[in-house]
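The values are calculated or read from the model by the stated rules, or taken from the named source; none is laboratory data. Being a predicted model, the structure only gives us computed values, none of them experimental. Glycine gets a Cβ as well: all are built from the backbone with ideal geometry, and neighbour counts include every protein chain shown.
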Amino acid sequence: MQDGEVVLSSVIASQMTTHGKYGGVVPELASREHLRAIVPVVREALGQARSSLSDLDAIAATVGPGLVGSLLVGLTFAKSLSFARGLPLIAVNHIEGHIHAVVLESRQAGTPVEFPALALVVSGGHTHLFEMREGFQYRLLGKTRDDAAGEAFDKVAKLLGFSYPGGPIIDRLAPRGDPHAVRFTFAKMKGNALDFSFSGLKTAVLRWVQSRAMQTEIDARRDLVRRTPGPTDEEWIAVTPQATLDLLASFQHAVITELLTRAAASAGQIEAQSLIISGGVACNSGLRTAARLAHLPCPVHFPSPGLSTDNAAMIAAAAFPKLIRRDFAGFDTLAQANLTLA
Ligand code: KG4
Ligand code: ZN
């Protein structure tokens, strides 16, 4: 990234085909894949940017939260490069990266995020609401008490026989079903009303499945996953009856309602001037449409789909203000699985 504004290159090494057949990320395989990919990816990123190591002013790496084995690969590689080239090291929080993807793109689009802003980070590991003030000061307003929204998508998909990650598949199939066919109810939150909970929804889907004779269609989908690495929508639909498409549409509708209801309440509470929705689940087209149509109290900013799921450009974007402040990390910096933002 140049001047904190221009993304010169953004290379992503996807591990979806490795983990897809296991129904989720296998930590040991993830770190091995990172180790295999890191040198070719850095080389390709420099090549695409028509740059070399001597053009760099600093090296940024994610320190957490996440799987420690994978974090260690990136952090150790960054430390080594930083040591060898005498470049400052910048430690970035993954969640802040997701938020900065939006800050960067909103500036590029000429409609910058205004403060105070509300950030809803929805990924495989997080469903968090942060108040964000000028100077990138964060305050946690609410979070999930159990599953993250992306995790709920992935778990529901898995129990229905779809492959990992389930979010994009449910997103593509949901428009073929009736979002009002199955009614899900959400428990009222005791304590912080801005917290989320998705485990009840997952259990409701499980009960729905158990009360119907669905094993044959679930087995047919599992068989499809074994035969085809990435089934097409038509292949999924051929083994998914209308009632199951209705279930997917209703589940997605329930998740979106839960997310937007609490986001709207928090935005009102802090008199937010902008709402940022970021993280892998921000790719969801139903969520994007619903956020556009909902009467939210302030403008909503989504990242482009390419910057919604994990990527390096968002880490560089979050690192840039630290570079300006000369907020550098030492070689004793550790990877932190449960790092928080606020
Ligand atoms: O941010 P991300 O790439 O990785 C984490 O930091 O977790 O998010 C991955 C999550 C997965 O749970 C995946 O199912 C979900 O984002 N996801 C989606 C969509 N695309 C990715 N969920 C719903 N709809 C999508 N289109
Ligand atoms: Zn992420």
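Could you list, in sequence order, the residues of region 23-34 that are part of a loop (DSSP other than H, G, I, E, B) and modelled with pLDDT of 85 or more?
The answer is G24, V25, V26.
Note on region 48-93: among residues that are assigned to a helix (DSSP H, G or I) and either among the hydroxyl-bearing types (S, T, Y) or under 17 Å from D327 (Cβ atoms) (or both), the one that is farthest from ligand 1 (Cβ to nearest atom) is S54.
Looking at region 30-52, which of its residues are surrounded by 15 or more Cβ atoms within 10 Å (Cβ to Cβ) and among the hydrophobic types (A, V, I, L, M, F, W, C)?
Taking region 30-52 first, the residues surrounded by 15 or more Cβ atoms within 10 Å (Cβ to Cβ) are 30-35, 37-38, 41-42, 45-46, 49.
A30, L35, A37, I38, V41, V42, A45, L46, A49 - these are the residues of region 30-52 that are surrounded by 15 or more Cβ atoms within 10 Å (Cβ to Cβ) and among the hydrophobic types (A, V, I, L, M, F, W, C).
For region 256-273, filtered to residues that are surrounded by 22 or more Cβ atoms within 10 Å (Cβ to Cβ) and within 16 Å of ligand 1 (Cβ to nearest atom), the residue that is farthest from F136 (Cα to Cα) is I256. The number of residues in region 156-175 that are within 27 Å of H100 (Cβ to Cβ) and assigned to a loop (DSSP other than H, G, I, E, B) comes to 2.
Here is a yes/no grid of residues against (1) more than 16 Å from ligand 1 (Cβ to nearest atom); (2) under 17 Å from T261 (Cβ atoms):
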{"residue": "E105", "(1), (2)": "no, no"}
{"residue": "L118", "(1), (2)": "yes, yes"}
{"residue": "V122", "(1), (2)": "no, yes"}
{"residue": "T127", "(1), (2)": "no, yes"}
{"residue": "R133", "(1), (2)": "yes, no"}
{"residue": "L140", "(1), (2)": "yes, no"}
{"residue": "A157", "(1), (2)": "no, no"}
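Could you list, in sequence order, all residues of region 117-155 that are part of a loop (DSSP other than H, G, I, E, B), among the small types (G, A, S) and within 13 Å of ligand 2 (Cβ to nearest atom)? Spell out how you get there, then give the answer.
We begin by selecting, within region 117-155, every residue part of a loop (DSSP other than H, G, I, E, B); these are 123-126, 134-136, 145-148.
Remaining after also requiring among the small types (G, A, S): 123-125, 135, 148.
Across region 117-155, the qualifying residues are S123, G124, G125, A148.
Quickly run through region 60-87 and pick out the residues that are hydrophobic (A, V, I, L, M, F, W, C) and touching a strand residue (DSSP E or B) at 6+ places or on another chain (Cβ under 8 Å).
Residues of region 60-87 hydrophobic (A, V, I, L, M, F, W, C): 60-61, 63, 67-68, 71-73, 75, 77-78, 81, 83-84, 87.
Selection gives A60, A61, V63, L71, L75, F77, A78, L81, L87.
Residues checked against (1) surrounded by 16 or more Cβ atoms within 10 Å (Cβ to Cβ); (2) in contact with a strand residue (DSSP E or B) (Cβ under 7 Å, 6 or more places away or on another chain); (3) without any contact (Cβ under 8 Å) to a residue 60 or more places away in the chain:
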residue: L247; (1), (2), (3): yes, no, no
residue: F251; (1), (2), (3): yes, no, no
residue: L275; (1), (2), (3): yes, yes, no
residue: V300; (1), (2), (3): yes, yes, yes
residue: K322; (1), (2), (3): yes, yes, no
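Just checking, does region 111-129 include any residue being of a type in the set (D, E) and surrounded by 17 or more Cβ atoms within 10 Å (Cβ to Cβ)?
At the first step, the residues of region 111-129 found to be of a type in the set (D, E) are 114.
In the following step, the residues that additionally are surrounded by 17 or more Cβ atoms within 10 Å (Cβ to Cβ) were identified as none.
Within region 111-129, none of the residues are of a type in the set (D, E) and surrounded by 17 or more Cβ atoms within 10 Å (Cβ to Cβ).
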